[in-house]
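**Q** I am attaching a structure below and will ask some questions about it afterwards.
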Amino acid sequence: QVQLVESGGGLVQPGGSLRLSCAASGSRFSIYTMGWYRQAPGKQRELVAAITNGGYTNYAGSVKGRFTISRDNAKNTVYLQMNNLKPDDTAVYYCKASWGRNDYWGQGTQVTVSS
C-alpha cells in the first residue's frame, strides 16, 4: 500500500509558475509509475504527465513544453514543475502511483490560475 500527499498548489497569475510535490510513503517507491492528473469543475479527470520507474516521461499535448515531471527516488517524491500557467490549467491536481493492477491516489491540491 502507498499513501500519497500532494502539496504546492495555490493561486497564481497567468504566466506564472508553480511546483507541485507528491510525497509517497513506503519503501518501494522506485518501482511505481507516477502520474499527475487534473480535474477541472464539470470535466473528467485527465492525465497531465507521467514518469515510469525507468524515467521515461509522457505529457498531455496541452502542457508539453510548459510542464516537467520528475522524481527523486531517494526522497520518495515526484514533482510537477508548471511554467507559463494559463487559466485553463485551473483544476485540482492529483498524484497517482501505479504498479501492476494497483493504483493509489492522493487527495489532490488546488491550482488556480487567475489575474
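**Q** What's the local net charge at Leu85, with K and R +1, D and E -1, over the other residues with C-beta under 13 Å away?
**A** My count for the surroundings of Leu85 gives +2.
**Q** Between Gly54, Gly100, Gly16, where does the largest GNM mean-square fluctuation fall for the chain, given springs only between Cα atoms within less than 10 Å?
**A** Highest fluctuation of the listed residues: Gly100.
**Q** Between Lys64 and Thr52, what length comes free when the chain is fully extended (0.36 nm per residue of separation minus the Cα-Cα distance, one decimal in nm)?
**A** 2.6 nm
**Q** How large is ³J(HN,Hα) for each residue in region 103-111, as worked out from phi by the Karplus curve 6.51 cos²θ - 1.76 cosθ + 1.60 (θ = phi - 60°), to whole Hz, x for Gly and Pro?
**A** Whole-Hz 3J(HN,Hα) from phi for region 103-111: 10, 10, 10, x, 8, x, 9, 7, 10.
**Q** Let me spell out the model: positive unit charges on the Cβ of Lys and Arg, negative unit charges on the Cβ of Asp and Glu, origin at the Cα centre of region 17-115. What dipole size does that give, in debye rounded to 20?
**A** My answer is approximately 80 debye.
**Q** Sticking with this one: Rolling a 1.4 Å sphere over the protein heavy atoms, what is the accessible area per residue of the chain, to the nearest Å²?
**A** Heavy-atom SASA per residue in the chain reads 54 Å².
**Q** Another one. Once you have a ≥ b ≥ c as the square roots of the Cα gyration tensor eigenvalues for region 13-78, tell me rounded if a/c is under 1.5, and otherwise prolate or oblate according to whether a/b is larger than b/c.
**A** prolate
**Q** Using a 1.4 Å probe on the protein heavy atoms, what percent of the accessible area of the chain belongs to carbon and sulfur?
**A** 45
The values are calculated or read from the model by the stated rules, or taken from the named source; none is laboratory data. Keep in mind that this is a model prediction, so the values were computed, not measured. So basically every Cβ, Gly included, is an ideal-geometry build from the backbone, and we count neighbours across all protein chains shown. Each accessible area value is taken on the protein alone, full model and side chains, heavy atoms only, with ligands, DNA and RNA left out. Shrake-Rupley method; radii C 1.70, N 1.55, O 1.52, S 1.80 Å.
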